[in-house]
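**Q** I am attaching a structure below and will ask some questions about it afterwards.
The values are calculated or read from the model by the stated rules, or taken from the named source; none is laboratory data. Every value quoted in this text rests on a predicted model; they were computed, and no experiment measured them. Neighbour counts run over all protein chains shown; Cβ positions are idealised from the backbone, glycine included. Accessible surface is based on the protein model in full, side chains and every heavy atom, while ligands, DNA and RNA are left aside. Shrake-Rupley method; radii C 1.70, N 1.55, O 1.52, S 1.80 Å.
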Amino acid sequence: MDCTDEPKFNTELSVFPSGDGNFIVHLPLQGRAFKVDSGTCQIIEKIKAGRLVERTERSEGVLRRLRDMRVLGNEPIVEPQTPLISQFVPLEATLIFTESCNLGCSYCYASSTTGKSAPMSEKVMRAAVDLVSKNAAETESRLARFRYIGGGEPTAEWRFLESTTRYIRERCGSDSVRHFIRLITNGTLLTEERVAWLASNIQFVTLSFDILPELQEARPYANGKPTHSKLLEVVRNLCAAGIRFHLRTTISAAGAGRLEEMVQYVHQNTGAKSIRFEPLSAIGRSVSTGLERPLEDVFVESFKAAYRLGKQLGIDVTCKMFTNYQRRSARFCDAEFSVTPSGRVTGCHRYSREEHDGYDQFLIGQFDGQRFVFDIDRLNSLRKIDVHRFSDCSTCIARWNCAGGCLSARMNSNGISEHGPLCNLTRELLKFSIEEKVNSNDRTG
């Protein structure tokens, strides 16, 4: 048969070994994956390489299955692009109440100050809430999202947090819009009374906690005193109050091989049911303190063991890289509507102050006293930095799932790095997450 008649794929496809001796075929642009044996894998690899496929009963069966899945043909599936925008219409606001913090964490991405800084004004807050609620009212979902985060520690401005929540409820109610509020906190200022308030007013809590006593030492109070016992108390209070929350644990080189131990500790000492492990980023105070990032292969193997133990104990173990299989995009995230205490808007909450490397790159707007004004050219310049920009991504099996990764991880004093810092970790956890998904589908039929 003439080679021009040979079948070819119309979409990107990758094949990698599974743990049971078979192979997994991943179709990233379709969000699908399936398991095949070695014989089928050889046929697929031949098609992928453009080599002649011998016509046998087996190969015909494989080709029939691929045609049924609509992955063969001359019209390629369109790759994701990051479109330019003419206006910025945020449906979520990240509100940085303050740059002050009561802790002195050795790896703080924001290098937050322990001194008192000027908090966000009521006028700036209301304008941000108004904008998001108004935009949400124009969508089918009618859902406005808000995140309380630092900069510093949001609960350090507790009364302002309460008044912001009341205003969100009032404004969204008047617009007939649902709202979802997420609090990201170090937890040390939460009392039993405050936890009870959270249970009635906040939809989700991310609690920063490094779990093991010796690792939590990297997150002391500003005066150097330990915070571990306080966090254990807070976790138990959150559980007792029935609040939806997870533990967000930053993993440095010191903790990279101990994730399974952390899951066991959480099981034995708290009622928490969800842990999010994230590798340390070389940003903010971690650079000046010289805290080392985890070795990628150590983190990957430790995460796998922790995930499997978590399944046995009823604890959900995850990280950003593990959930990448859900994403099909050219960019890791759209620019955030992240509002600083001064009313400036940044495309990423990690760049809230001028002294942060990359601040100018992410500065996309400003509150002018009446409304938010956005620099659309700056916004589009930021959005253009996507998976198409980086040569390493062009041949990576994770490119549409990772989408170039979090841009903040590539930023340094010299600008944007061509090479991602955690590419192997990202690829390996993507493969693991896909295999887990495929195995789960096989079990459920």
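**Q** What are the principal axis extents of the Cα atoms in the chain, in Å, biggest first?
**A** In descending order, the Cα extents are 76, 52, 45 Å.
**Q** Can you give the calculated 222 nm mean residue ellipticity of the chain, where each DSSP H run of n ≥ 4 adds -39,500 (n - 2.57) and the sum is split over every residue, rounded to the nearest 500 deg cm²/dmol?
**A** The helix contribution divided over the chain gives -10500 deg cm²/dmol.
**Q** Compute the orientation-averaged projected area for the range 30-133 from the convex hull of its Cα atoms and round it to one decimal in nm².
**A** Value for the range 30-133: 14.1 nm².
**Q** Which residues' amide hydrogens lie under 5 Å from the amide hydrogen of His179, considering only partners 5 or more residues apart or on another chain, with H built in the peptide plane?
**A** Under 5 Å from the amide H of His179: Ala144.
**Q** Hand me the GluC sites (Glu not before Pro) from the range 294-380 located in a DSSP loop with no more than 10 other Cβ atoms within 10 Å, in residue order please.
**A** Within the range 294-380, the qualifying GluC sites (Glu not before Pro) (loop, at most 10 other Cβ atoms within 10 Å) are Glu354, Glu355.
**Q** Hey, another quick one. Taking the range 269-400 as the region of interest, what is the percent of Cα-Cα pairs per 10 angstrom bin, listed from the shortest bin to the one with the maximum distance?
**A** 10, 26, 34, 23, 7, 0
**Q** What is the calculated FRET efficiency for Phe180 to Ala49, with r their C-beta to C-beta distance and R₀ = 35 Å, to the nearest 0.05?
**A** E between Phe180 and Ala49, to the nearest 0.05, is 0.15.
**Q** To the nearest 0.05, what FRET efficiency results for Lys311 and Arg244 with a Förster distance of 22 Å applied to their C-beta separation?
**A** 0.65
**Q** What pairs from Lys230/Lys320; Lys304/Lys431; Lys48/Lys384; Lys48/Lys320 go past 20 Å between their alpha carbons?
**A** Check vs 20 Å cut-off fails for Lys230/Lys320; Lys48/Lys384; Lys48/Lys320.
**Q** Just how much of His419 is accessible, in Å², when a 1.4 Å probe is used and the result is rounded to the nearest 10?
**A** Rounded to the nearest 10, that gives 110 Å².
**Q** Rounded to two decimals, what is the ratio between the C-alpha radius of gyration of the range 188-232 and 2.2 N^0.38 Å?
**A** 1.30
**Q** Output wanted: per-residue J couplings in Hz (rounded whole) for the range 135-146, from phi through Karplus 6.51 cos²θ - 1.76 cosθ + 1.60, θ = phi - 60°, x for Gly and Pro.
**A** Each residue's phi maps through the Karplus curve to give 5, 5, 5, 8, 9, 5, 6, 6, 10, 9, 10, 9 Hz.
**Q** Where does helix 38-49 land angle-wise versus the long Cα axis of the chain, in degrees 0 to 90, nearest 10?
**A** On a 0 to 90 degree scale, this one is about 90.
**Q** How tilted is helix 228-241 with respect to the longest principal axis of the chain? Cα atoms for both, answer in degrees (0 to 90, nearest 10).
**A** Taking the Cα atoms of the chain, the angle to 228-241 is about 80 degrees.
**Q** Still on this structure: Just to confirm, what accessible area per residue do you get for the chain at 1.4 Å probe, in whole Å²?
**A** Per residue, the chain has an accessible area of 46 Å².
**Q** While we're here: Note the angle between two axes, namely the Cα long axis of helix 423-444 and the longest principal axis of the Cα atoms of the chain, as a number of degrees from 0 to 90, rounded to the nearest 10.
**A** 70 degrees
**Q** Return the carbon/sulfur percentage of the accessible area of the chain, one whole number, probe 1.4 Å, all protein chains in place.
**A** In the chain, the share of accessible area belonging to carbon and sulfur is 47 percent.
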